Structure formats: structure tokens, C-alpha cells
Amino acid sequence: MVETNASPAFASNYWTDVANWDDPPAKLDLDGSFASGSRGTTRLPGQEPLEWIIGEVTPPKAATIEMQLEGATLSFEWRFVGLADGRTRLTQRIVLKGQRADKYLSHVKAAFTANLLVGMNKLAKAMANADPRHKSSSPE
């Protein structure tokens, strides 16, 4: 969980624009608009492309991205909660479930545990810097 100076509507709109997902060296593509059922691809050097689908979308409050694995589903559940001062609290919950989830658990932990908070803080700062109504006057 992190907070940003961006308004909830701006934060949600910013995040649902895949062009704002700055995650080098990954290259991300979305087929169509950010809506339930739309499909996307993540390409990393030297790896097979990772396919994902946008699950539930409840603008400007929440969205879920799902990756189907063999016998499991990996979900990224995002929430955008407005705070009394006009800022936004961002939360991301990673859920791994399914009959073969144990097969992927160590890889998911290794891939996301160390970088999750760093990435969310980077995103919160980028949102604040991009929101013309709530510019960040100090680093987040």
C-alpha cells in the first residue's frame, strides 16, 4: 500500500493506460481498451511472452489483471481509495490460486516480493507528477 498526491480519478485513469506501466525491460501491449476481457502481453528479453487478461474493472475504484497458468491463476488486484485530503491510497494484492498453485509459489514470491513496494512507490510518484491538479511538491 502506498499513497499518492494524485486524485483517485486521475490515479485510476493513469494506471489503466498501459503506456504508463514503466517496467523495464518488460514491453507491455494491450489489445483494445482497458476493459473486462481485454487481453495483454508482457515481453521480457529471453523469455516466452506472458499473456494476461483484464478481469473485473470498477472505475475509478478497482481493477484486476489475471494470468492463466497451467493449473493455477495469478491475479493482481488493484484498488484506488480516495483520502479526505484528495490524495489516493493505492493497494495491490497478488493472489495465486488453483490446484497447482504450489508449483508457482516460490517463483511468484521471488519475482514480486522484493520489487513490489519499489514499483508501487515509483508509480505513485509518477501519478502525482502527472496530475496537473495535485503536483507533488516533494518526493513521495
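Can you pull out the residues in the range 81-95 that are more than 11 Å from the chain's Cα centre (by Cα) and surrounded by 18 or more Cβ atoms within 10 Å (Cβ to Cβ)? Can you show your working first?
Step one: list which residues in the range 81-95 are more than 11 Å from the chain's Cα centre (by Cα), which gives 81-89, 95.
Answer for the range 81-95, where residues must be more than 11 Å from the chain's Cα centre (by Cα) and surrounded by 18 or more Cβ atoms within 10 Å (Cβ to Cβ): ARG87, THR88.
So, ALA63, is that one closer than 17 Å to MET120 by Cβ and either under 15 Å from the mean Cα position of the chain (by Cα) or in a loop (DSSP other than H, G, I, E, B) (or both) or not? Working first, answer last.
On the way: closer than 17 Å to MET120 by Cβ: yes; either under 15 Å from the mean Cα position of the chain (by Cα) or in a loop (DSSP other than H, G, I, E, B) (or both): yes.
So ALA63 fits the description; yes.
Go through the range 71-108 and count every residue that is outside any loop (DSSP other than H, G, I, E, B) and touching a strand residue (DSSP E or B) at 6+ places or on another chain (Cβ under 8 Å).
Of the residues in the range 71-108, the ones outside any loop (DSSP other than H, G, I, E, B) are 72-82, 88-97, 101-108.
Add one more test, that the residue is touching a strand residue (DSSP E or B) at 6+ places or on another chain (Cβ under 8 Å), and what stays is 72-82, 88-97, 101, 103-105, 108.
Total meeting the criteria: 26.
Any residue in the range 35-54 that is in contact (Cβ under 8 Å) with a residue 12 or more places away in the chain sitting within a Cβ distance under 6 Å of a residue that is of a type outside the set (Ser, Thr, Tyr) and open to solvent by 90 Å² or more (accessible area, probe 1.4 Å)? List the pairs, counting only those 6 or more apart or interchain.
Listed pairs, sorted by first residue: ARG39/ASP31; THR41/GLU51; ARG43/LYS27; ILE53/ARG39.
Does the range 116-134 hold any residues that are under 12 Å from the mean Cα position of the chain (by Cα) and surrounded by 20 or more Cβ atoms within 10 Å (Cβ to Cβ), and which are they?
Of everything in the range 116-134, those that are under 12 Å from the mean Cα position of the chain (by Cα) and surrounded by 20 or more Cβ atoms within 10 Å (Cβ to Cβ) turn out to be LEU123, ALA124.
The values are calculated or read from the model by the stated rules, or taken from the named source; none is laboratory data. The structure presented is a predicted model; accordingly, all values stated were derived computationally and were not measured. Note: ideal-geometry Cβ built from the backbone for every residue, glycine included; neighbour counts use all protein chains shown. Note: areas computed on protein heavy atoms with side chains; ligands, DNA, RNA excluded. Shrake-Rupley method; radii C 1.70, N 1.55, O 1.52, S 1.80 Å.
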